[in-house]
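Working notes for the structure below.
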Number of protein chains: 2
Amino acid sequence: VTKQTPMFNRLALIGVGLIGGSIARAARALSLVETIVATSRSEPTRQRIAELGLADEVADSAADAVADADLVIVSVPIGACGPVAREIGPHLKLGAIVSDVGSVKGDVIAAMGPHIPPGVHFIPGHPVAGTEHSGPDAGFAELFVNRWCILTPPPNVDRRAIERLSHFWEAFGANVEIMSAEHHDLVLAVTSHVPHLIAYTIVGTAFDLRLVTESEILKYSASGFRDFTRIAASDPTMWRDIFLHNKDAVLEVLGRFNEDLATLTRAVRRGDGETLFNLFAERRAIRRGMVQLDSGKPAPDFQSAESKPPHDPIPRPYAAFDDD
Amino acid sequence: VTKQTPMFNRLALIGVGLIGGSIARAARALSLVETIVATSRSEPTRQRIAELGLADEVADSAADAVADADLVIVSVPIGACGPVAREIGPHLKLGAIVSDVGSVKGDVIAAMGPHIPPGVHFIPGHPVAGTEHSGPDAGFAELFVNRWCILTPPPNVDRRAIERLSHFWEAFGANVEIMSAEHHDLVLAVTSHVPHLIAYTIVGTAFDLRLVTESEILKYSASGFRDFTRIAASDPTMWRDIFLHNKDAVLEVLGRFNEDLATLTRAVRRGDGETLFNLFAERRAIRRGMVQLDSGKPAPDFQSAESKPPHDPIPRPYAAFDDD
């Protein structure tokens, strides 16, 4: 993949954490935009954005940042999306595209939508990518390579605007999928939100037990527990907001999980080896099916990225992870 | 670490899967024993052991394999440990050490113990190491490096025999810990058995939901779900036996987990953001504490290993995994 002619003149990033910081680095490395203007609610973060050289301009407020921007990406915790939309609404340029990166879409659309004026294209988005790190230093240009970005445009959004935003994400190496906000929220409840809630729970259970020492849990965590603690290391504010804003889908999936866990618990209690074996064998087959899925899509050219990521670009590389 | 003078004359391996195959490779690479004799209940596996050159001799039966052996390691599914002990008991050499590698110790001791004759040192063991692979091809010499091996000797076992077996595992790069069988089973229920049961459950829940397509689960699994599917890919026979034989500890920990999950579920249902945030922040701190634990112990010298592992020696290297 060679460098692009700029797709947008002026990109405004509202919030520069892991995701916003990665968008800034990727857009810069690939020359996807002429100018990047970034802002954060916190003064230290604005200073850090400037120090890291993540943007051409650092604005003092979201309202200032969006003036004259062609593409606005709001990357703040879900609970802050509504207030940000209220602030930027009156300052958005006619014809601009406004998107976000939140892990819940229904509530974000309800909170942001009413503040986006006619003539501005509101296309909510969710790049399904992340690490357990957060903050502007955690971002890196390759974060979205071979990841999915889900767009959930309301029914009447301009088709060309959707295409422009899709191409922007595809340039980062992402695969773009379009679906309804409701379906997105259910898919993510299954693949991400409930797994996280369960991981948080079991980490707490282990340490609250008092039957086993903390040192013992740490020593023997390689035998399974460690996979859960990694998940449980994610940003607490982000996750609080996810569970507050995707309540219905999360409770639905949790209810099913509880029924299934009761079935397995009963099999353990009864010593029903046949049921246990059959369930385990079925799950193993699922995992084997998954491993065959990863494709070898070529990555974009990030060679000219100005700043190197502060750590290994992809913390758990596919190659090492999918070794069966 | 340089090569050792042989610690044992004749090592008998009963069962050669991931663990038995790794013991064979490591013992050979480090010249820890003069002669390795191995056997498996299955004829194709015995052929494969010979093809891979894992042993100096391949015996047709467990009884044949243990004749004249100084160290016998039984690496079969937990449910098969009792029958194996019954078979080998009459053929064990006076003064020999008999150990196993099972993930449950109480039931294994109850099943094997009565068949081990006086004058033979029975020291149950559990190397806390593994991958989701199984079979003789899956083994590799470095499997135990920086892992823990727990020994659970009954009270009256000869102290020197415990020391000899400890040194054998330490030569592989493992850290040895000694505890009671009861405590082992509780520790493993917390750090391994219950996490696996939960992982198996959620993988099944996701695919049984019918609200989300299989393809969607696969596409978006990087957002959390994938960590669970990896765990759920382990050997179904081994895991069935673990749950049949560590029932009490597993049910105790599961009960606590269910209480904790109910608390989190209630917080989601009530939209109680403060409770969610506090719990998530506490779990994150736990994870950060864990990451500081890994030590930089030097690895043994495996350079002269005759057979290379069929895949990356350590599927999820510490360096890539503990990146924060």
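The values are calculated or read from the model by the stated rules, or taken from the named source; none is laboratory data. Predicted, not measured: the structure shown is a model, and the values here were computed from it. Virtual Cβ from ideal backbone geometry, glycine too; neighbours counted across all protein chains shown. We work out accessible area using only protein heavy atoms, side chains counted, and drop any ligands, DNA or RNA first. Shrake-Rupley method; radii C 1.70, N 1.55, O 1.52, S 1.80 Å.
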* Among rounded, prolate and oblate, which fits the range B:1-41 when a ≥ b ≥ c are the square roots of the eigenvalues of its C-alpha gyration tensor, a/c under 1.5 means rounded, and a/b larger than b/c means prolate? -> oblate
* Protection proxy ranking of A:76-83, A:120-127 - average other beta-carbon atoms within 10 Å, highest first -> A:120-127, A:76-83
* Asked: Which distances, shortest first and in nm, link B:S42 to the matching position in the other copies, using label points set 7 Å out along Cα to C-beta?
  -> 5.4
* Could you pull the Cα extents of chain A along its three principal axes, largest to smallest, in whole Å? => 67, 40, 38
* Structure fact -> Among beta bridges assigned by DSSP with both residues in the range B:115-237, the antiparallel ones amount in percent, to the nearest 5, to 50
* Asked: Where along chain A is the Cβ that lies nearest the axis linking it to chain B, and how many Å separate them?
  -> A:D227, 2
* **Using a 7 Å Cα-to-Cβ projection, A:P118 label spacings across copies, nm, ascending** => 9.9
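What does the structure give for B:260-269 when I average, per residue, the other chain Cβ atoms found within 10 Å of the residue Cβ?
Values: counts 8, 11, 2, 2, 7, 9, 0, 4, 11, 6.
Across the residues of B:260-269, the mean count of other-chain Cβ atoms within 10 Å is 6.
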* Structure fact -> Restricted to pairs 8 or more residues apart or on different chains, the lysines in the protein assembly as shown with C-alpha atoms under 25 Å apart form a number of pairs equal to 16
* Asked: With solvent modelled as a 1.4 Å probe, how much accessible area in total do chains A and B shield from it at their shared surface, in Å² to the nearest 100?
  -> 9700
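For peptide B:238-247, compute the average count of partner chain beta-carbon atoms within 10 Å of each residue's beta-carbon. Numbers along the way, then the final one.
Working: counts 1, 7, 11, 3, 2, 11, 7, 1, 1, 4.
For this peptide, the per-residue mean of nearby foreign Cβ atoms is 5.
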* To do: Give the shape of the range B:63-197 as rounded, prolate or oblate, defined through the alpha-carbon gyration tensor: a ≥ b ≥ c are the square roots of its eigenvalues, a/c under 1.5 means rounded, and otherwise the shape is prolate if a/b is larger than b/c and oblate if not.
  => rounded
* Give the Rg (one decimal place) followed by the Dmax (whole number) of the range A:158-224, computed from C-alpha coordinates and expressed in Å. => 20.3, 60
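What accessible area per residue comes out for chain A, rounded to a whole number of Å², with a 1.4 Å probe? Show your work: numbers first, answer last.
Details: 12390 Å² over 324 residues.
Value returned for chain A: 38 Å² of accessible area per residue.
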* To do: Kindly state, to the nearest 0.05, the FRET efficiency for B:E87 paired with A:D60, given R0 = 51 Å and r defined as their beta-carbon distance.
  => 0.05
* Structure fact -> In Å, the C-alpha Rg and Dmax of the protein assembly as shown are 27.5, 90
* Asked: Size of the dipole of the protein assembly as shown about the Cα centre, Lys and Arg at +1 and Asp and Glu at -1 on the beta carbon, nothing else charged, in debye to 20?
  -> 300
* To do: Would you kindly work out, in nm and rounded to one decimal, the distances from the label point of A:D56 to those of the same position in each other copy, ordered shortest first, with label points 7 Å along Cα-to-Cβ?
  => 7.5
* **Inter-site label distance for B:S215 and B:R270 at 7 Å from Cα along Cβ, in nm** => 4.3
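Can you give me the relative contact order of chain A as a percent, contacts being Cα pairs under 8 Å and 6 or more apart? The partial results should precede the final answer.
Details: 524 pairs, mean separation 61.5, N = 324.
Computed over chain A, the figure is 19 percent.
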* To do: Give the distance, in whole Å, between the Cα centre of the range A:125-186 and the Cα centre of the range B:195-254.
  => 28
* To do: Could you check how much of the accessible area of the range B:1-144 is carbon and sulfur, as a whole percent, using a 1.4 Å probe?
  => 50
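Using the Cα gyration tensor of the range B:1-144, with a ≥ b ≥ c the square roots of its eigenvalues, what is the shape: rounded (a/c below 1.5), prolate (a/b larger than b/c) or oblate (neither)?
rounded
For peptide A:177-190, what's the mean number of Cβ atoms from other chains within 10 Å of each residue's Cβ?
Mean number of neighbouring Cβ atoms from other chains: 3.
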